[in-house]
1. From the list 318, 290, 286, 241, pick out the single residue that is farther than 21 Å from residue 446 by Cβ, assigned by TED's automatic domain parsing to the domain that holds residue 121, among the β-branched types (Val, Ile, Thr) and touching a residue at least 24 places away in the same chain (Cβ under 8 Å).
2. Any idea which of 422, 386 is out of contact with any Cys (no Cβ under 9 Å at 6 or more places or on another chain) and within 16 Å of the ligand (Cβ to nearest atom)?
3. Is there a residue being aromatic (Phe, Trp, Tyr), farther than 17 Å from residue 95 by Cβ and buried (at least 24 other Cβ atoms within 10 Å of the Cβ) anywhere in segment 144-167?
4. Quickly run through segment 220-232 and pick out the residues that are buried (at least 24 other Cβ atoms within 10 Å of the Cβ) and either assigned to a helix (DSSP H, G or I) or within 11 Å of the ligand (Cβ to nearest atom) (or both).
5. Taking segment 119-138, which residues are assigned to a loop (DSSP other than H, G, I, E, B) and either surrounded by fewer than 24 Cβ atoms within 10 Å (Cβ to Cβ) or in contact with an Asp or Glu (Cβ under 8 Å, 6 or more places away or on another chain) (or both)?
6. Going residue by residue through segment 177-193, is there one that turns out to be surrounded by fewer than 24 Cβ atoms within 10 Å (Cβ to Cβ), touching a residue at least 60 places away in the same chain (Cβ under 8 Å) and near the ligand (Cβ under 10 Å from one of its atoms)?
7. So is residue 314 touching a strand residue (DSSP E or B) at 6+ places or on another chain (Cβ under 6 Å) and either of a type in the set (Gly, Ala, Ser) or outside any helix (DSSP H, G or I) (or both) or not?
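The values are calculated or read from the model by the stated rules, or taken from the named source; none is laboratory data. Quick caveat: nothing in here was measured; it's all calculated off a predicted structure. Here the Cβ is made from the backbone with ideal geometry for all residues, glycine too, and neighbour counts use every protein chain on show.
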Amino acid sequence: MDTQANPLAFNDGWQYAPAPESTDHIRIDKKYDLFIGGEFVAPSSGSWFETVNPANEKVLSRVALAGDADVDRAVTAARKAFRGWSKMKAGERGKYIYRIARMLQERAREFATIETLDGGKPIRESRDIDIPLAAAHFFYYAGWADKLEYAFPGRRALPLGVAGQVIPWNFPLLMAAWKLAPALACGNTVVLKPAETTPLTALKLAELIRDAGLPPGVVNIVTGAGETGAALVRHPGIDKVAFTGSTAVGRLIMKALAGSKKKYTLELGGKAANIIFEDAALDQAVEGIVNGIFFNQGHVCCAGSRLYVQESVADEVVRKLKDRMETLIVGDPLDKNTDIGAINSAEQLGTIESYLKVGRDEGAEVYQSSCALPDKGYWCRPTLFTGVSQSNRVVQEEIFGPVLAVQTFRTMEEGLAKANNTPYGLSGGVWTDKGAKIFKMTRGLRAGVVWANTFNKFDPASPFGGYKESGVGREGGLHGLDAYVKLEA
Ligand code: NDP
């Protein structure tokens, strides 16, 4: 891999020395079984699948493929554990969740390295964002476990039962934490299905949960592909489904759940507008644009993938943005200098490349930074589309890669109308010096989360979720508790 491919060399002739994170301190087994009833058990399907490092295409491990019978076994184990876990003193439940949070902090370096190897994201992000935020979620919800009467004053909050949880590959451990922590704090037991391409940190979390002494069956982890997720969703022993992933699969899940008594939350796709007014601090805004779309290779449901710039500053912003894109380091995700890591899978790279072609065919101008890419692995240069219109597919559809569509607007009303012209409604960003504009825009944007003069900031205490085709329900904060309880007067 060409770790010397530093585009700063174009600017002033010097390069960062390679600073790779060591992998000596981690252990990845050759093969992983399913985590059911507090122990690792072989799948009755008798099948395992490979998980690869997308930065070099090398196989990291083989992971069990859970079939219907395995999902049934996991749901049965969760049901059996529910009685004891839901009756346990809430403070004791909280202690277990605190223990998970602390152990995650203690083993943060190991988890960050494995997350980067399995998913391709830069070590700087897994180290500074994914793993600390995952621990923060466990800490936050551990604190709520014995305070539900304050979360829902005047009502009794009872657990729902067994939660079936299906998560995607973009933030594997963080999504597991978003799902597990509130469910456990409210007294539910869980069967979790990680994404096929990124199962390793969930399996490491299974080891950690076992080491934390959680009663067997409270958390069960079944690995597999979409079929395993579908089997979990339709299992009659599930009381609640929590899903994060694509809108297409979200639709299938809604259909499968229609007519059942299962509660559900769906956190689906997005196509967020990042709106830059002429009075914004433009250099800061450019950093916000970069963070909005190139963070995690753009594999972010709330990514700022549509940029709207006020016409009077559009040329200046695009020029500054292109300059900044030239300095982004694309390459070895384990290198601490890397800004943009590997695309998560060959399949996702294929999807992104097909959208690059769609954009060209639609008449967009395509700009990509000139950095060198490693020979092996899955890579995409940071990309801009300009000269696009509202009806273009690259403006309407979620690409889920480091690809930004740029448009302009003249008035606030026009900016708002264009920003809301999308089937999605997950997030948005506004950059301006004027507080009144921020209030007007945030009120007018039909999006679950709106950032002002910043982007992609997360906190366990903040609710997160979308309108329209971006989903149903909220996760995080008090709202996240609500999704895991039934309330009695
Ligand atoms: P999916 O929605 O296919 O996957 C999300 C999770 O659901 C995975 O664990 C997946 O398993 C599982 N799954 C797949 N099919 C079913 C089913 N029929 N019933 C139940 N569970 C199922 O997303 P992809 O990973 O295929 O990504 C495709 C697109 O989804 C992306 O390009 C992006 O647009 C969007 N996406 C949005 C995310 C978000 O955070 N909002 C996150 C990830 C993707 P498996 O991985 O094994 O297929």
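1. Numbers: 318 fails: assigned by TED's automatic domain parsing to the domain that holds residue 121; 290 fails: assigned by TED's automatic domain parsing to the domain that holds residue 121; 286 fails: assigned by TED's automatic domain parsing to the domain that holds residue 121.
From the options 318, 290, 286, 241, the qualifying one is 241.
2. Working: 386 fails: within 16 Å of the ligand (Cβ to nearest atom).
Result of the check over 422, 386: 422.
3. Of segment 144-167, the ones aromatic (Phe, Trp, Tyr) are 144, 150, 152.
Filter once more, so that each one left must be farther than 17 Å from residue 95 by Cβ: 150, 152.
Narrowing the set further to residues that are buried (at least 24 other Cβ atoms within 10 Å of the Cβ) leaves none.
No - not one qualifying residue is present in segment 144-167.
4. Going residue by residue through segment 220-232, those that are buried (at least 24 other Cβ atoms within 10 Å of the Cβ) are 220-224, 228-229, 232.
222, 223, 224, 228, 229, 232, listed by residue number.
5. Initially, segment 119-138 is screened for residues assigned to a loop (DSSP other than H, G, I, E, B), giving 120-122.
Scanning segment 119-138 gives 121, 122.
6. no
7. Numbers: touching a strand residue (DSSP E or B) at 6+ places or on another chain (Cβ under 6 Å): yes; either of a type in the set (Gly, Ala, Ser) or outside any helix (DSSP H, G or I) (or both): yes.
For residue 314, the condition - touching a strand residue (DSSP E or B) at 6+ places or on another chain (Cβ under 6 Å) and either of a type in the set (Gly, Ala, Ser) or outside any helix (DSSP H, G or I) (or both) - is met.
Quick grid of which residues meet (1) on the phi < 0 side of the Ramachandran plot; (2) surrounded by fewer than 22 Cβ atoms within 10 Å (Cβ to Cβ); (3) within 16 Å of the ligand (Cβ to nearest atom):
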position: 382; (1), (2), (3): yes, no, no
position: 391; (1), (2), (3): yes, yes, no
position: 394; (1), (2), (3): yes, no, yes
position: 408; (1), (2), (3): yes, yes, no
